[in-house]
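Reviewing the structure listed below.
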Amino acid sequence: MALKTPPITKRQIGTSLSEINVTPFVDVMLVLLIIFMVTAPMIQSGIGVNLPQAETDAVPAEEGLTLTITKDRYIHIEDSIINQFLLEQKLKEYFFGKEKKIVFIRADESLPYGFVIRILDIAKKAGIEIVGLVVEPLELEEKK
């Protein structure tokens, strides 16, 4: 007994699925969205500095440049690392033509006092009018 196959017509050969199945695409996108929502708060932006604590809490001005000094004595202006000896020139370039010259210093508490004073001196030589020191409120330690 031989198996007979029906004759192939043109309509059977040329058919293709012209619709896109969106359900798997939506499933993948939802999984990616959940992954990003979970991991985004874990990503901490900025440079890790252990700030000294103080009882007084002052709100810094919105304008100004923030210098971050890590415990390894690296000086960060925004996201770039600056050499201590080039800091004065970089500050002059940054504040050229600006009316208010305000710098906030975020220094690690383990840094020697003399090093922080040296950075303050460089900022004053660069023509900075106001220098603020950023601290962490004392209340945060009591809550831990």
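Numbers at a glance
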read-out	value
In segment 73-118, the residues that are charged (D, E, K, R) and on the phi > 0 side of the Ramachandran plot	Arg73, Glu78
Pairs where the first residue, in segment 68-86, is under 17 Å from Val134 (Cβ atoms) and the second is part of a strand (DSSP E or B) and basic (Lys, Arg), C-beta under 6 Å, 6+ apart	Thr68/Arg106
Residue match in segment 83-93 (condition: under 21 Å from Leu51 (Cβ atoms), outside any helix (DSSP H, G or I) and in contact with a strand residue (DSSP E or B) (Cβ under 8 Å, 6 or more places away or on another chain))	no
One residue from Glu99, Glu78, Glu109, Glu93 being in contact with a Ser or Thr (Cβ under 9 Å, 6 or more places away or on another chain), exposed (fewer than 15 other Cβ atoms within 10 Å of the Cβ) and not hydroxyl-bearing (Ser, Thr, Tyr)	Glu78
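Each value in this text was obtained by applying a stated rule to the coordinates, not by laboratory testing. Quantities reported herein were computed from a predicted structural model and do not represent experimental measurements. Counting neighbours? That spans all protein chains shown, and the Cβs are built from the backbone with ideal geometry, glycine included.
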